[in-house]
Structure formats: structure tokens, C-alpha cells
Amino acid sequence: ADLEAQTRMAMEGIKQPLEAAGATFKDVVHMFVFRARPRIGDIGRAAVVINSYFAPYGHKPTSTNVAVLELGEPEQRIEIQMVAVVD
């Protein structure tokens, strides 16, 4: 899958546990984005997808972006982790 599709899959994978905890992306305070074998323009293309999940809340958390040589699977290009604060 291309970077945008992998980013969307990662965000959907985060959405489910957030909802199970009674939270939304509005509750996310920080995210860690790991990109394997980054190419020029990757940050912007991934950011468009990521930002679309935060846009309905008018909120964007702080983030740490890290370029890595590899992730868990050979074809995996992005890994996203988030920290949310839930009452």
C-alpha cells in the first residue's frame, strides 16, 4: 500500500481503541510518527491524511516525527502512536 493508504490504516487502527475508551482524536495530546525509508514529500503527504482526522475538532496535537531505517514489516512505511488524555 502507498504511504497515504498506510497512514489512513494506521489512523483507523488508532480510532477504534480511542472510541472504546470513550475518547476521540480531540483527546490526543501528542503523537509519534515513525517513517521508514523517508522520501522527499513524505511528511506532507502523511500530514494531509493525519490532519483530516483532527480537522473536525479544530485541534492538532504536538508531534514527534522520526525517520527510521525499517519498521516491523518490510513494506511498512509508517507507524503512528498517540497519547490521549481521557477523564
**OP:** Mind checking the per residue accessible area of the range 14-87 for me, 1.4 Å probe, whole number of Å²?
**Re:** 62
Subject >> In degrees, nearest ten, helix 42-54 long axis to first principal axis of the chain (Cα) >> reply: 20
Original post:
For Ser52 and Val86 in one chain, what is 0.36 nm times their gap in residues minus the Cα-Cα distance, to one decimal in nm?
Top reply: 10.1 nm
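Carbon and sulfur: what percent of the chain's accessible surface (1.4 Å probe)?
Here carbon and sulfur together make up 57 percent of the probe-accessible area.
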Original post:
Just in the range 4-82: which GluC sites (Glu not before Pro) are loop by DSSP and have at most 16 other Cβ atoms within 10 Å?
Top reply: Glu70, Glu75
**OP:** For Thr64, tell me the accessible area in Å² from a 1.4 Å probe, rounded to the nearest 10.
**Re:** 50
Subject >> the chain: calculated mean residue ellipticity at 222 nm from DSSP helix runs of at least 4, using -39500 (n - 2.57) >> reply: -11500 deg cm²/dmol
Subject >> Estimated dipole of the range 1-60 in Debye, rounded to 20 [Cβ of Lys and Arg +1, of Asp and Glu -1, Cα centre] >> reply: 200
**OP:** Sticking with the crude label model, points 7 Å out along Cα→Cβ, report the distance from His59 to Lys15 in nm, one decimal please.
**Re:** 1.6
**OP:** Report the relative contact order of the chain, percent, no decimals, based on alpha-carbon pairs under 8 angstrom and at least 6 residues apart.
**Re:** 47
**OP:** Pop a pseudo-label 7 angstrom from the Cα along the beta-carbon direction at both Val29 and Leu69 and give the gap in nm to one decimal.
**Re:** 3.5
Subject >> Point-to-point label distance, Arg45-Ala5, nm (Cα→Cβ direction, 7 Å offset) >> reply: 1.2
Original post:
Whole number please: convex hull volume per residue of the Cα set in the chain, in Å³?
Top reply: 89
Original post:
Hey, what angle do you get for helix 3-20 against the long axis of the chain, alpha-carbon based, 0 to 90 degrees rounded to 10?
Top reply: 30
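The values are calculated or read from the model by the stated rules, or taken from the named source; none is laboratory data. Remember, predicted model here, so these are calculated numbers, not experimental data. Glycine gets a Cβ as well: all are built from the backbone with ideal geometry, and neighbour counts include every protein chain shown. Note: areas computed on protein heavy atoms with side chains; ligands, DNA, RNA excluded. Shrake-Rupley method; radii C 1.70, N 1.55, O 1.52, S 1.80 Å.
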